[in-house]
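Report on the structure given below.
The values are calculated or read from the model by the stated rules, or taken from the named source; none is laboratory data. Since the model is a prediction, treat every value here as computed from it, not as a measurement. Cβ: placed from backbone, ideal geometry, glycine included. Neighbour counts: every protein chain shown.
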Amino acid sequence: MIDDPMDRIAAALERLAPAPMAAPDFSGAPAFVWHTAPDRLEPVRDVARVDLDLLIGVDQARDTLLANTTQFARGLPANNALLWGARGMGKSSLVKSVHAKVHAIHEELRIVELHREDLPSVGRLLNLLRDVPYRFILFCDDLSFGHDDAHYKSLKAVLDGGIEGRPDNVVLYATSNRRHLMPRDMIENERGTAINPSEAVEEKVSLSDRFGLWLGFHPCDQDEYLSMIRGYCDAWGVEISDDALRAEAIEWQATRGSRSGRVAWQYFTDLAGRQGVALSKS
């Protein structure tokens, strides 16, 4: 007996289509990374982070994000957050450190890293996180959009939720060097050449308005830069006089042509290596 051709086609498509992914055991790790092709959540048991108290010069952003995250972990209303501003000033470090601080009290809080290039798959990720007894910070680092980039439309699934709504147990924290998630020259160019300039980039620019919290990060001054390094020295037991630290750190900064939290950490890493001090994850 010859099978119905439609039945054979349906069977073939079923073999080709991957089975829907089952939710992993979220109790096994505090953090996960989302990957596609195939879809999977890989556990991260040892998160690369620094202690929250070692983040210098970001007090207001720290307190605001910590309060928001604590509310969320307690099951209370909380906002999506956009951390924007100067490079190397601790935006992503703050997200990871705040998660660790709150997770120590509210153990059901998880953080899931979503790479920008995987934004089109965010709907499938949300379906995995929905209706499980955990709270999730969806973390998208270094987020920005360029010309002809439609990935921002996928992000709206998290910020607005569409007809189904964003899961109550998910909040989005994103970092970006750009306040409006796109280059200023791109905004001005599209406004200047469009038939209707006021609407030309409104859809993209308004994306940042959908974040309830905007936390700005600005370049540090020299005193903050030196305080960061001194804090690292105290935390890891690296001994150096104030005069020597100041002279070396300022010279290091000059060779980099910039001053930031990242440059402070790079100098400290070099200093610790010269003194034979191993740096383990805190």
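Restricting region 77-92 to residues that are outside any loop (DSSP other than H, G, I, E, B) and surrounded by fewer than 23 Cβ atoms within 10 Å (Cβ to Cβ), the residue that is nearest to the chain's Cα centre (by Cα) is Ser92. Within region 214-244, the set of residues being in a helix (DSSP H, G or I) and of a type in the set (D, E, K, R) comprises Asp223, Glu224, Arg230, Asp234, Asp242, Asp243. For region 207-234, a residue qualifies if it is within 22 Å of Leu65 (Cα to Cα) and basic (Lys, Arg), and exactly one does: Arg210. Once region 39-67 is narrowed to residues that are in a helix (DSSP H, G or I) and under 15 Å from the mean Cα position of the chain (by Cα), the residue that is nearest to Leu109 (Cα to Cα) is Leu66.
If you go through region 69-117 and pick out every residue that is in contact with a strand residue (DSSP E or B) (Cβ under 9 Å, 6 or more places away or on another chain), among the acidic types (Asp, Glu) and over 28 Å from Gly261 (Cα atoms), you end up with 1.
The listed residues are Val47, Val95, and the only one of them that is modelled with pLDDT under 95, out of contact with any His (no Cβ under 6 Å at 6 or more places or on another chain), of a type in the set (Val, Ile, Thr) and surrounded by 14 or more Cβ atoms within 10 Å (Cβ to Cβ) turns out to be Val47.
Taking region 250-261 as the range and being in a loop (DSSP other than H, G, I, E, B) and in contact with a helix residue (DSSP H, G or I) (Cβ under 7 Å, 6 or more places away or on another chain) as the test, only Arg259 passes. Checking Ala264, Ala247 one by one, the residue that is within 20 Å of Val50 (Cβ to Cβ), out of contact with any Lys or Arg (no Cβ under 8 Å at 6 or more places or on another chain), not basic (Lys, Arg) and not in a loop (DSSP other than H, G, I, E, B) is Ala264 and no other. Residues that are over 22 Å from Leu54 (Cα atoms), hydrophobic (A, V, I, L, M, F, W, C) and out of contact with any helix residue (DSSP H, G or I) (no Cβ under 9 Å at 6 or more places or on another chain) within region 97-128 comprise just one, Leu128.
Picking from residues in region 249-282 that are β-branched (Val, Ile, Thr) and more than 24 Å from the chain's Cα centre (by Cα), the one that is modelled with the highest pLDDT is Ile250.
So in region 226-282, with the set limited to residues that are among the aromatic types (Phe, Trp, Tyr) and either touching a residue at least 40 places away in the same chain (Cβ under 8 Å) or closer than 17 Å to Gly90 by Cβ (or both), which one is surrounded by the most Cβ atoms within 10 Å (Cβ to Cβ)? Within region 226-282, the match that is surrounded by the most Cβ atoms within 10 Å (Cβ to Cβ) is Phe268.
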